[in-house]
Amino acid sequence: MSGMERIYRIDQLLAGRNAVPRAELMEKLGVSLATLKRDLAYMKDRLHAPIVFDRDLGGYRFEHTGARIGPQYELPGLWFSAEEIHALLTMQHLLANLDSGGLLGPHIQPLLARLSGLLGSADNPAEEMKKRIRIETVGARRFHLSHFQAVGSAMLRRKRLLIRYHARGSNEETEREISPQRLIYYRDNWYLDAWCHLRDDLRAFSLDAVQAAAIVEKKAKEVSEKRLDQVLGSGYGIFSGEHVTWATLRFTPERARWVAAEKWHPDQVGRVLEDGGYELKVPYTDDRELLMDVLKFGADCEVVAPDELQARVFAELSRALGKYPTPTIGRSELI
């Protein structure tokens, strides 16, 4: 641990406690008594730290009482250890790959340049990170950055938005005045939970389907977080609804090893079966997304309940077989 690292560590320890014994400081810093005294003296003499030794409490502490004489105590500006810099560079790389809309990139670049300078490495650590760490996002949809900024600004300022929205399900485009409530990043895509004044109800809007967005200088309608979760967060996936139904799914032992470690819903209930399979119960209000996830497991997933979901799975499989009938195998091919 370098000298400056110890200074920051001492500050953290003293700030969080009434008093810290000398022996504890030496142990946590891994230094001798002489080094500890030098560090404390540097903090008091050079950084004007109000450090005192409290005999009654048996340790060092910050003096917060009485009038402050002399310069104000403050640590040097933003500082990171080498390990923290590498962690931040890694985080920047992750954000740069996840941020398909380019929202954070321009703001991160100055920090990245400063971090690279702090590292003082001629090997260009940022380039090394890009080469060694790769994140592939599948299914992410592109959106207009200007719309994202308008949405974020209106949401934080508690203003309404006028949007032109393309509903892909019905292939209709409508103009709506909405009161934005919260942004959701779900499965590599951005969604906006908002009160729709056209429908007079809560709706979840996909940001990539927003064709235009303008802030309206009218106070946004407030919806409680409890209500948002009740309508938009109670069921499985991004589709909303208030009437919750529970699905019971059973996975083969081969697939159980993966599914048992997955989070499908915050309120899910799962258990390992005697044969090594896995039973998963999840709430849903609209079966569209759940249906897609069930079908991708094929014969390794059985819908135990409800009957309506069983029928939906069967109908989808029948529809697929109707489009792609089983090929006829000739007698010569069987010999």
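The values are calculated or read from the model by the stated rules, or taken from the named source; none is laboratory data. What you see is a predicted model, and the numbers here were worked out from it, not measured in a lab. Neighbour counts are summed over all protein chains in view; Cβ atoms, including those assigned to glycine, are modelled from backbone coordinates with ideal geometry.
In segment 238-260, what count of residues is obtained for those that are out of contact with any strand residue (DSSP E or B) (no Cβ under 7 Å at 6 or more places or on another chain) and within 30 Å of L192 (Cβ to Cβ)?
Qualifying residue count, segment 238-260: 4.
Kindly establish whether V216 is surrounded by 13 or more Cβ atoms within 10 Å (Cβ to Cβ), more than 27 Å from the chain's Cα centre (by Cα) and assigned by TED's automatic domain parsing to the domain that holds V151.
yes
Scan segment 188-210 residue by residue and report those that are out of contact with any helix residue (DSSP H, G or I) (no Cβ under 8 Å at 6 or more places or on another chain), in contact (Cβ under 8 Å) with a residue 40 or more places away in the chain and exposed (fewer than 13 other Cβ atoms within 10 Å of the Cβ).
Across segment 188-210, there are no qualifying residues.
Here are R257, R271: which of them is surrounded by fewer than 19 Cβ atoms within 10 Å (Cβ to Cβ) and modelled with pLDDT of 95 or more?
Values: R257 fails: modelled with pLDDT of 95 or more.
Just one listed residue meets the conditions, R271.
Could you list, in sequence order, the residues of segment 145-173 that are assigned to a strand (DSSP E or B) and either within 27 Å of D293 (Cβ to Cβ) or among the polar types (S, T, N, Q) (or both)?
Within segment 145-173, Y165, H166, A167, E172 meet the criteria.
Tally the residues that are part of a loop (DSSP other than H, G, I, E, B) and touching a residue at least 60 places away in the same chain (Cβ under 8 Å), restricting the search to segment 222-253.
Total satisfying the criteria: 1.
Run D201 past the list (1) under 22 Å from the mean Cα position of the chain (by Cα); (2) not assigned by TED's automatic domain parsing to the domain that holds L290 and report the number of the one that doesn't hold.
(1)
Taking R176 as meeting all but one of (1) part of a strand (DSSP E or B); (2) over 20 Å from A140 (Cα atoms); (3) in contact (Cβ under 8 Å) with a residue 24 or more places away in the chain; (4) of a type outside the set (D, E), write down the number of the exception.
So R176 meets the others, but not (3).
Scan segment 293-319 and report the pairs whose first residue is assigned by TED's automatic domain parsing to the domain that holds T252 and whose second residue is exposed (fewer than 15 other Cβ atoms within 10 Å of the Cβ) and among the acidic types (D, E), with Cβ atoms within less than 7 Å and a gap of 6+ or a chain change.
L295/E316; D300/E254
In this structure, is R203 in a helix (DSSP H, G or I) and charged (D, E, K, R)?
Working: in a helix (DSSP H, G or I): no; charged (D, E, K, R): yes.
Criteria not met by R203.
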